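Okay, structure first, notes after.
The values are calculated or read from the model by the stated rules, or taken from the named source; none is laboratory data. In this text the structure is predicted, and so the values were computed from the model without any measurement. Note that each Cβ is placed from the backbone with ideal geometry, even for glycine, and that neighbours are counted across all protein chains shown.
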Amino acid sequence: MAALTAEQKEHFEEYGFVHIEDVFDPERDIDPVVDEYAGVLDTLADRLLVEGKISSDYSELPFGDRVTKIYSESGEVHNQHFDFSLPQTGVKPDTPFWAGPAVFGAITAPGVLDAAESIVGPEVYSNPVQHVRIKVPESVSPRDEQGNVMFGATPWHQDAGVVNPDADDTNMLTVWFPLMDTSVENGCLTVVPGSHRGELLTHCPGYKDRPGLQIPENLFNIGDSMPVPVKKGGALFLTKKTVHASLPNVSDRIRWSFDLRYQPTGQATGRSVFPGFVARSASNPGAELHDADTWFEMWKDTRDSLAIGEQPTFNRWDSGDPSCA
Ligand SMILES: O=C(O)CCC(=O)C(=O)O
Ligand SMILES: [Fe+2]
């Protein structure tokens, strides 16, 4: 992968998204992440076994089946152990997160930075709004008290709606990519082409008893939405105003993805207490971060200070808004 072609850029500008098949080198950029997460799962399994929450560490199973069995049997979704970000509330001194070298390698992979550079320009900043999403099959997933699948399908939203208004003028790019092939069945993303041309829409907290933020379906043209299956190595690029959601995982295997954000250095990130970094700089290459340990320390310091200090809110929305009724 190199820079986006003129055609790909035009597609992105016209429709608010573009799917590119060869952004990452699967062997160099993604397989090390898969291996690294196997170790994270080992540690989690050991702990849950000691705590009596599971009856075996299931170490004979491959990653996907193992994580499914462990979430299912423990009745809990343990995604924070794998995530390379912090929760939006309730950060504690022992809140788990994973900011390992292979994850850093994926965020700073040359292919994705080349592509990001074509959209945000030559000063590329890694915005700290980023997640790993491991979604176990809905048929065996833990559920909350309302019966909702925990960490299931993502409701309709715009990425600008889940950050603070300080980033409203930021040229924030979302890069979503799977660590395995994704399909309609296992819950790929679905996007509304052209929706980025409109305004930031009202997001409703806890709409229809679902946790998190959601745009009511009468505020956009849901009939125009189209699923975008992406294979390992590929990525989906979205603007911050493109309306999107994910489909439910109705397959019998996990659905596993990363979503990253990039933007021009110097613009607000929308989550200013979280640590971003200069991923690429044409004007000052010395400012680029190349050290995964430093990146880990930045997240650890953030966790430690949030645990003892005041915690921010990233929500600007009100469930009492008439659109949310
Ligand atoms: O993977 C998902 O389910 C949602 C991802 C998403 O909304 C994003 O990448 O912005
Ligand atoms: Fe999103």
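Brief remarks on what is shown
- Per the listing GLY276, GLY266, the residue uniquely surrounded by fewer than 17 Cβ atoms within 10 Å (Cβ to Cβ) and in contact (Cβ under 8 Å) with a residue 12 or more places away in the chain is GLY266.
- Sub-6 Å Cβ pairs linking a first residue in region 154-175 that is of a type in the set (Lys, Arg) to a second residue that is in a loop (DSSP other than H, G, I, E, B) and within 15 Å of ligand 2 (Cβ to nearest atom), at least 6 apart or interchain, number zero.
- Number of the condition not met by THR89 [criteria: (1) modelled with pLDDT of 95 or more; (2) surrounded by fewer than 18 Cβ atoms within 10 Å (Cβ to Cβ)]: (1)
- Where GLY234 falls short, out of the listed (1) farther than 26 Å from PRO110 by Cβ; (2) among the small types (Gly, Ala, Ser); (3) more than 9 Å from ligand 1 (Cβ to nearest atom): (1)
- Filter result (within 12 Å of ligand 2 (Cβ to nearest atom) and either touching a Phe, Trp or Tyr at 6+ places or on another chain (Cβ under 8 Å) or acidic (Asp, Glu) (or both)) within region 193-212: HIS203
- Of all residues in region 286-325, those being in contact with a strand residue (DSSP E or B) (Cβ under 9 Å, 6 or more places away or on another chain), in a helix (DSSP H, G or I) and farther than 26 Å from GLU36 by Cα number 3.
- Among the residues of region 77-111, those identified as touching an Asp or Glu at 6+ places or on another chain (Cβ under 8 Å) and outside any loop (DSSP other than H, G, I, E, B) are PRO101, ALA102, VAL103, GLY105, ALA106, GLY111.
- Lone unmet requirement of (1) touching a helix residue (DSSP H, G or I) at 6+ places or on another chain (Cβ under 6 Å); (2) farther than 16 Å from ILE107 by Cα for GLU36: (2)
- Check on LEU201, within 13 Å of ligand 1 (Cβ to nearest atom) and buried (at least 18 other Cβ atoms within 10 Å of the Cβ): no
- Restricting region 213-256 to residues that are within 15 Å of ligand 2 (Cβ to nearest atom) and out of contact with any strand residue (DSSP E or B) (no Cβ under 9 Å at 6 or more places or on another chain), the residue that is nearest to THR174 (Cα to Cα) is LYS241.
- When region 50-74 is filtered for residues that are aliphatic (A, V, I, L, M), assigned to a helix (DSSP H, G or I) and crowded, with 16+ Cβ neighbours inside 10 Å, the ones remaining, listed by number, are VAL67, ILE70.
- In region 270-304, the residue that is nearest to GLN130 (Cα to Cα) out of those that are hydroxyl-bearing (Ser, Thr, Tyr) and at pLDDT 95 or above is THR302.
- Every condition in (1) near ligand 1 (Cβ under 10 Å from one of its atoms); (2) outside any strand (DSSP E or B) holds for THR174 except the one numbered (2).
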